[in-house]
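What follows draws every value from the coordinates through simple rules; no lab data is involved. Given the structure is predicted, the values throughout are model-derived calculations rather than measurements. Backbone-built Cβ (ideal geometry, glycine too); neighbour counts: all protein chains shown.
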Amino acid sequence: MKVAVFWFRRDLRLEDNTALNHALNSGFPVVPVFIFDENILRELPANDARLNFIYDTLRSINGQLHERGSSLYCVHDKPKQAWQKLAEQFDIAAVYTNKDYEPYATQRDTEIKQLLVAKNIEFHAFKDQVIFEENEVLKNDGKPYTVFTPYKNKWLEVYHNALVDDSIEPNQDNFHQQKYPFPELASLGFEPANIKVKPYDLDNISDYEKTRDYPTIATSNLSPHLRFGTVSVRQIIERLKPGQDVFLSELIWREFFMQILYHFPRVVDENFKIKYNGIQWRDNEADFEKWCAGKTGYPMVDAGMRELNNTGYMHNRVRMVTASFLCKHLLIDWRWGEAYFAQKLLDFELSSNNGNWQWAAGTGCDAAPYFRIFNPESQLKKFDKNLVYVKKWVPEFGTPDYPEPMVDHKMARERALETYKAGIGN
DNA sequence: TGAAATGTTGGGGCG
DNA sequence: ACGCCCCAACATTTC
């Protein structure tokens with residue numbers, strides 16, 4: 001029996017899933033597949049919370065598929081080998097999947113497509129992760145935007161002009177009627193994680209524009225869900241109310257950085273603005289350790305890092321403060337901070353993480369100017385005046401156990417200004 | 001999506 | 001009444 005395979009990646013849901021809907025309308029029974037990618041898994045610690053979330057989500061999807069007489073087919077392998085075996089095991093007419101725009105993923109998909117087409121298997125990849133991808137929002141001269149505000153204006157213009165609903169009604173009865181065993185977490189070499197992804201809640205952001213800077217006010221917790229596709233960006237935008245355009249702007253930032261990474265993949269390990277390449281980072285490892293551990297002696301910075309270490313989340317305002325502190329006060333290369341966040345954040349997304357770190361360092365497109373240096377004390381006074389956030393994460397603050405500031409703010413500020421000024425070329 | 005330094009203004013104390 | 005000084009409050013410039 002010929003089948004269509006739907007390949008789950010970072011779109012872990014059965015509802016409003018573009019490629020899945022197309023697969024279900026293909027006329028072939030659909031085998032839903034997930035590949036635990038050995039290339040990725042081997043880089044993760046055994047208790048990685050994100051892998052755990054993926055696993056739990058897949059188990060839940062498997063349960064929903066069981067209700068429809070079907071199940072999820074899980075493979076643990078490198079993608080190429082996985083597809084070799086899948087193509088032997090099933091008589092595949094076509095593979096359906098949603099596009100992923102990161103360098104590793106585009107390279108992988110090119111190779112898999114080649115492999116499948118050589119076997120006379122069609123490979124269909126769809127836009128699903130974003131509202132606008134690749135070249136859909138360009139300047140009038142055909143080049144990609146590198147400044148957010150004009151990008152956003154064009155994005156909104158294209159969005160409002162193109163409000164044609166091209167979603168399709170999938171035939172839900174077309175799942176392949178076959179039950180496959182679901183793997184145990186331990187068989188993948190993993191163990192349950194303590195850190196959990198929280199459900200998202202849009203009610204928390206009804207007053208987003210006014211409350212978004214205060215780390216003790218509830219957040220949407222949406223980011224990990226957008227990262228792994230447990231909800232679609234379309235489903236979120238549909239539910240936004242008039243007056244929530246600042247929140248919509250944040251979603252547009254997400255697509256802004258995705259298209260930056262897509263058009264300028266060198267930003268993965270290079271300054272977007274190459275004239276910043278001469279900055280002499282101090283890169284002191286002992287300083288870096290203190291920052292990672294949340295022991296800088298600056299309570300706002302320490303609270304943020306400890307929130308990250310303990311929960312996999314960090315409030316957006318505090319991400320800016322901690323990042324500015326690492327790059328400017330400690331003069332540590334933004335790549336170090338980026339790598340640390342990549343390890344810890346439940347919502348880690350290459351394009352946003354890279355774009356925002358380069359923003360903080362001043363090296364990015366449309367970045368904070370190098371002389372904009374956050375004062376961690378005034379940020380605390382503005383955004384956590386009553387120390388509620390600080391006391392939650394730094395209980396010893398105010399006692400003799402709390403360390404002195406690891407650098408003097410005035411000195412560090414002047415040092416950053418000098419170092420940047422000396423390092424910036426033309 | 002900053003902060004510090006510098007400049008300006010105006011009220012009030014005081015000789 | 002007047003000039004002078006101080007300083008807070010606000011505005012502008014600079015990094």
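Descriptive notes on the structure:
- Scanning segment A:288-303 for residues that are of a type outside the set (A, V, I, L, M, F, W, C) and touching a residue at least 60 places away in the same chain (Cβ under 8 Å) yields A:Lys290, A:Gly294, A:Lys295, A:Thr296, A:Gly297, A:Tyr298, A:Pro299, A:Asp302.
- Residue match in segment A:389-402 (condition: within 24 Å of A:Asn271 (Cβ to Cβ), away from DNA strand B (no atom under 11 Å from the Cβ) and not polar (S, T, N, Q)): no
- Test: residue in segment A:350-372 that is among the hydroxyl-bearing types (Ser, Thr, Tyr), assigned to a loop (DSSP other than H, G, I, E, B) and within 16 Å of DNA strand B (Cβ to nearest atom): yes
- Residue that is nearest to DNA strand C (Cβ to nearest atom), among those in segment A:387-405 that are over 31 Å from the mean Cα position of the chain (by Cα) and either under 16 Å from A:Leu330 (Cβ atoms) or of a type outside the set (D, E, K, R) (or both): A:Pro405
- Selection from segment A:406-426 of residues that are in contact with a Phe, Trp or Tyr (Cβ under 7 Å, 6 or more places away or on another chain), within 13 Å of DNA strand B (Cβ to nearest atom) and in contact (Cβ under 8 Å) with a residue 60 or more places away in the chain: A:Tyr420
- Residue check: A:Glu377 meets all listed conditions (1) in a helix (DSSP H, G or I); (2) more than 16 Å from DNA strand C (Cβ to nearest atom); (3) in contact (Cβ under 8 Å) with a residue 60 or more places away in the chain; (4) crowded, with 19+ Cβ neighbours inside 10 Å but one, namely (4).
- Taking segment A:209-258 as the range and being away from DNA strand B (no atom under 16 Å from the Cβ), of a type outside the set (Ser, Thr, Tyr) and buried (at least 16 other Cβ atoms within 10 Å of the Cβ) as the test, the residues that pass are A:Asn221, A:Pro224, A:His225, A:Arg227, A:Phe228, A:Gly229, A:Val231, A:Val233, A:Ile236.
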